[in-house]
Amino acid sequence: MFNVINENSDLCEILFSENADKLFVKKIAGIGRESSLSNWREQYPKATNKQLQFTYEYIVNGSIAIIEQWLIS
């Protein structure tokens, strides 16, 4: 993933800039949501739906923040 971002850094800087459409980034981040949650439900049958949703949000939003910082530096 980081290689793709590095190879397309100009586009990614626009997508992740302060003036970018945050809803668009959220839509992109949500693409793998259902697939991830479904896989995790099988792997962690004792986890609640809310726990899995919070975990997904934590991972995705943390990754977005790291990408934004990486592009700034």
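None of the figures in this text is laboratory data; all of them are computed from the coordinates on show. The model shown is predicted, which means the values in this text are computed figures rather than measured ones. Because the Cβ atoms are built from the backbone with ideal geometry, glycine has one as well, and the counts that use them run over all protein chains shown.
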Q) For volume of the Cα convex hull per residue in Å³, which listed value, [x] 95; [y] 85; [z] 124, comes from the coordinates shown? A) [x]
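So, with +1 on the Cβ of K and R and -1 on the Cβ of D and E, and no other charges, what is the size of the charge dipole of the stretch 2-72 about its Cα centre, to the nearest 20 debye?
On the way: 7 positive and 9 negative charges, 108 e Å.
Value, rounded to 20: 520 debye.
Nearest 0.05, what FRET efficiency do Ile66 and Tyr44 give at R0 = 35 Å with Cβ-Cβ as r? Before the final figure, lay out each step's value.
On the way: r = 24 Å, r/R0 = 0.69.
It comes out at approximately 0.90.
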Q. Between Ser38, Val25, Trp70, whose Cα lies farthest towards the positive end of the dipole of the chain when Lys and Arg beta carbons carry +1 and Asp and Glu beta carbons carry -1, centred on the Cα centre?
A. Ser38
